[in-house]
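The structure appears below as structure tokens.
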Amino acid sequence: MTVGGCIQSPVPPLGGTASEQLGRLENQFADTRELYFQIYVTDARGVAGNLRGVSLADMRRAHRALRERVAEGLEGLDTARLGGEDGHAVRTMRRLLDESAWVEEERSPSSEPVAESCQYSPSALATGDSALQRLSARIYACYGAEARRVVTPTDTSDRLTVLGRLGTEPSAEQRRALFLSLQPLWRSVTGDGSPASPYRTMLALSAERWRREGSPIAAAARSLRIDPAQVEPMLVRILEAWRDHTPPARVEPWDWYYDNGAASRTLSPRINRAALREVNDRFYRDQGADPETLGIHFDLDPREGKTPVAFTQFGKPARLRRGKYGEREAWVFATYRVGGFDNLVELLHETGHAIHVSAVATRPAFADWPDSDPFTEALADLLEMEAFEPEWQQRYLGGSAPVAASLRGKYASIALDVAWALLELRVHADPSRDPNAEWAAITSEYLHIVPHPEWGWWAMRGQLVDSPGYMMNYALGAMITAQLRARVREQRGPFWRPDKKMYDWLSNRLYRFGLSRPTREVLRDFLGESLGVEALVGDMRRLGEGR
Ligand SMILES: [Zn+2]
């Protein structure tokens, strides 16, 4: 990083061909992106400067200066004289520059949203321009406040912690009490459940927008070459696989988490806090992706004010120098006070993102995350999912859980995500439907959960309010993951077996493209067939193994 040099380097001289001018601008764009990612991860680390000692304030200033200069240069470029890929590169750079200006502003020290009243009239808020946006922002703010502060019978906790405890609390009575302590959270979204309640008021507006502009679900499907009309039948097939291959006895919702947490309870005592990194790094090393040599950094310790959400980001995309892609950097953020299987799986997932971005090797305009969120998530799950295989557990943890228990641990959260996606699809198709009743019907029919239409317990995913239709990405991601894993197994064998060439093999076929190729083409070439539910449903059949 040469921040000072960037600021002082002269404006590229006019002249040269359009493609020579583009080359110079793209180099400066690469400097800008590097600054963007360095600001992003430095801010996330909660420190004042990056690893090279450059302060956040200096990087923010340098980013603004460079971004404005590159944007101006791109504006002046004679794009009519550029070829197809170069034209695409220019459009992509413009968009990324537009979307990155926010890193130049210092965030307010408190990230808490301004306290607004959570006693409000949804219909009064939902009028005029941007009614949907205003109402969903209010519901989300009130939901967030409840999620951060859940009062249980024994303490004050938060949503994620309470859901985690449902998987380990041995007393059914205690689990019921824990589950019901989430009621204020649900009510921040569902209100009294009437058509005038917050979510149902929002739903009418959201459904209207989907009708007018097309739904995000249809757009996500098309971007993966799936016929939007096939989405609902696909979701139903996944849910039927869960229904048909898990025990038929109905369970209460507070017992669902415990029943599906058996593998985690068996394996967790084998994984202390230090083992998280040891196992994680050993597994990826065995696949030829040593986090250390790849320049992957981990920020895993608890810290005041740190986000509870785990995520990964580029620190520095690789750049082509003298014919080779050189030094790169990626950052993994998560918070672990203890070890345990669930934390290990999350760390494996984030490291999966990190080895993916470390392999991105393309021109600066395209050195970014791919164009599809489900694909990106599937790449992170690709190796991580091996942790649910007994052979993997034996090799890396020295003991294993039964296949059926492991598979339920693997698919319980996916089954719930698919149920949420189906709920959104159905209530958007007919916004007069009562989501509580719809949720009770879906979860009792497919997940063997006792129906409780009196509670809106579906309302505990922020995405349902913040980004209607987003849950579908998890369903599509699970389909892609299963199909990719089946393909890799066919071509190279299972991931639990060490294979030092695996990383290069995956990089060449899946990881390296960034934005240089559309995801649907990368998938088509790798899979050699179209995307479908068969691989996922096939793997889910193993849920019934040993029963
Ligand atoms: Zn992820």
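Derivation of every value follows stated rules applied to the coordinates shown; laboratory data play no part. Everything quoted here is computed from the prediction, not taken from an experiment. Here Cβ is always computed from backbone atoms with ideal geometry, including for glycine, and neighbour counts include all displayed protein chains.
A few notes on this one:
- Kirkwood-Stokes translational diffusion coefficient of the chain, alpha-carbon pairs, 10 °C, 1.306 mPa s, µm²/s: 63
- Rough spin-label spacing in nm, given labels placed 7 Å along Cα→Cβ, for Arg322 and Asp244: 6.0
- As a rough footprinting exposure proxy, the listed residues Leu267, Leu235, Leu51 were ranked by other beta carbons within 10 Å of their own, and the order from fewest upward is Leu51, Leu267, Leu235.
- Note on region 223-346: semi-axes of the ellipsoid equivalent to its C-alpha gyration tensor, largest first and rounded to whole Å, are 35, 25, 15.
- Using only side-chain charges placed at the Cβ, +1 for Lys and Arg and -1 for Asp and Glu, the dipole size of region 3-104 relative to its Cα centre rounds to 260 debye.
- Pair-distance profile P(r), taking every C-alpha pair of region 3-104, with 10 angstrom steps and integer %: 15, 46, 28, 10, 1
- Ordering Val70, Gly53, Leu22 by Cα displacement along the dipole of region 3-104 toward the positive end leaves Gly53 in first place; charges were set at the Cβ atoms of Lys, Arg (+1) and Asp, Glu (-1).
- Taking the chain and dividing mean pair separation by its residue count, relative contact order in percent (alpha carbons under 8 Å, at least six apart): 17
- Once the chain from Leu527 to Gln174 is taken as fully extended at 0.36 nm per residue, the excess over their C-alpha distance is 122.4 nm.
- Under-5 Å amide H pairs with Val450, H placed in peptide plane, nonlocal only: Val251, Glu252
- Helix-only mean residue ellipticity at 222 nm for the chain, each DSSP H run of n ≥ 4 adding -39500 (n - 2.57), per residue, nearest 500: -17500 deg cm²/dmol
- Whole-angstrom gap from region 330-354 to region 459-531, using each part's C-alpha centre: 19
- Full-stretch length increase - Ala18, Ala196 - with 0.36 nm per residue and alpha-carbon distance subtracted: 58.3 nm
- By the Cα gyration tensor, region 361-517 has an equivalent ellipsoid whose semi-axes, rounded to whole angstrom, run 34, 23, 10 from largest to smallest.
- Across region 282-372, Cα-Cα distances exceeding 17 Å account for 53% of all pairs.
- Least to most buried among Asp434, Asp417, Asp227, Asp129 (fewest other Cβ within 10 Å first): Asp129, Asp227, Asp434, Asp417
- Normalised by the number of residues in region 103-218, the average gap of Cα pairs under 8 Å and 6 or more apart makes the relative contact order 25 percent.
- Relative contact order (%) - criterion: Cα under 8 Å, at least six apart; region: region 3-104: 35
- Ascending count of other beta-carbon atoms within 10 Å, so fewest first, for His452, His349: His452, His349
- Share, in percent, of DSSP beta bridges within the chain that are antiparallel, nearest 5: 65
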